[in-house]
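I have placed the structure first, in the form of structure tokens, so that the comments after it can refer back to it.
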Amino acid sequence: MKANTHLAITTCLILATLMQALDTTIANVALPYMQGSVSASQDEIAWVLTSYIVAAAIMTPPTGFFATRFGIKRVLLVSICGFTIASMLCDAAQSLIQIVVFRCLQGALGAAIIPLTQTVMFNINTPERQGRAMSTFSIAIMAAPLLGPVIGGWLTSDYSWRAVFYINMPLGILAFIGTLVFLPETKVDYHFKLDWIGFGTLSLAVGALQISLDRGVEQDWFSSREIITEAVLSALAFYLFLVHVFTTRKPFIRPALFSDRNFIVGTIFTTVLGTTTYAALSLQPPFLQELMNEPSITAGLVMGPRGLGTIFSMLVAGRVIGQVLISA
């Protein structure tokens, strides 16, 4: 692959990832302004975040199926285009129901962006360059959610809460055009089938668990019939998923994956990192705005140093990984 084409593909992938990753947190500092605009309670406006996260969590696992069945390029183009259009719809939303529905679309359509962009980055880089390439690429994945509140606070303070969704348009258009022009087609297998039972039970388990955790505080946890119902539904669906995985010939998730030590360690570290990072990102902006009475721009700036630290660490990790691979 020519150097110019390689650079163009990498740039497009980073733009797409940046767009999707920003939206996980950019709306956090704008929630109080959305709440007044659509006349929603604090409990109701939280669905703007919950709907996005639940939809993304459910639609991420079948990404491999869609990429195999229709090709990485086609799925990536649909995801980028759909995510951008859903962002425009969020910007134009006039009620709480509309914005929650459009945020669901955002999460569902954009779920494939990060897994597919990571796959392409591995494919276009040689093994000795993969460490440095992925560390640079990971800056967008990790720094964007950390910088999201900063950008969101600035846009909300100087313009409007609707601007936090409008910013996706230029990023989405550039990423779509670049992907369409530079990314080569991949092989497809139209006979590849998805384990719909496994996908359905896992989606139900994850969705019910996420909703119960998100609404547990407001509903006083297990003193609420709603939380009990969601917890039981999640546990039952996860049990059915496990039974199905170990009894079917081609399960949605192959148990053999968990015999790979590197896969298990990577999954554990990613889980710990995601839990500690996103928990703080979701709680700090409301804390600063509602309890400390700070403006949205200040709440965003308080989150900024974490993003700078992440960028620095990613760059150092890329060089270290490259040296280790060369030595090995």
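The values are calculated or read from the model by the stated rules, or taken from the named source; none is laboratory data. This structure is a prediction, so every number in the text was calculated from the model and none was measured. With ideal geometry, Cβ positions are generated from the backbone for all residues, glycine too; neighbour counts draw on all protein chains shown. Heads up: the accessible areas ignore ligands, DNA and RNA and are worked out on the full protein's heavy atoms, side chains in. Shrake-Rupley method; radii C 1.70, N 1.55, O 1.52, S 1.80 Å.
Residue check: is F238 under 29 Å from I99 (Cα atoms), modelled with pLDDT of 90 or more, of a type outside the set (A, V, I, L, M) and open to solvent by 40 Å² or more (accessible area, probe 1.4 Å)? Taking the combined requirement at face value, the residue does not satisfy it.
Residues checked against (1) under 22 Å from T270 (Cβ atoms); (2) at pLDDT below 75:
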residue	(1), (2)
M88	no, no
V120	yes, no
A133	yes, yes
G148	yes, yes
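V320 satisfies every condition listed in (1) touching a helix residue (DSSP H, G or I) at 6+ places or on another chain (Cβ under 7 Å); (2) at pLDDT below 75; (3) surrounded by 12 or more Cβ atoms within 10 Å (Cβ to Cβ) except (1).
Within segment 279-300, being more than 15 Å from A46 (Cα to Cα), open to solvent by 80 Å² or more (accessible area, probe 1.4 Å) and either of a type in the set (D, E) or part of a helix (DSSP H, G or I) (or both) holds for one residue alone: L291.
Candidates are the residues of segment 208-229 that are assigned to a loop (DSSP other than H, G, I, E, B) and at pLDDT below 85; the one that is nearest to T68 (Cα to Cα) is G216.
For residues in segment 1-41 being without any contact (Cβ under 8 Å) to a residue 12 or more places away in the chain and of a type in the set (S, T, N, Q), which is farthest from S87 (Cα to Cα)?
Out of the qualifying residues, it is N4.
Of the residues in segment 115-128, how many are surrounded by 19 or more Cβ atoms within 10 Å (Cβ to Cβ) and in contact (Cβ under 8 Å) with a residue 60 or more places away in the chain? Within segment 115-128, residues that are surrounded by 19 or more Cβ atoms within 10 Å (Cβ to Cβ) and in contact (Cβ under 8 Å) with a residue 60 or more places away in the chain number 3. Might you let me know whether segment 210-229 holds any residue that is within 30 Å of S160 (Cα to Cα), touching a helix residue (DSSP H, G or I) at 6+ places or on another chain (Cβ under 8 Å) and among the aliphatic types (A, V, I, L, M)? Yes - at least one qualifying residue is present in segment 210-229. Open to solvent by 50 Å² or more (accessible area, probe 1.4 Å), among the β-branched types (V, I, T), at pLDDT 80 or above and assigned to a helix (DSSP H, G or I) - does that describe any residue in segment 36-48? No, segment 36-48 has no match at all.
Please work out which residue is most open to solvent (accessible area, probe 1.4 Å), limiting yourself to segment 182-207 and to residues that are without any contact (Cβ under 8 Å) to a residue 60 or more places away in the chain and assigned to a helix (DSSP H, G or I). The qualifying residue most open to solvent (accessible area, probe 1.4 Å) is W196.
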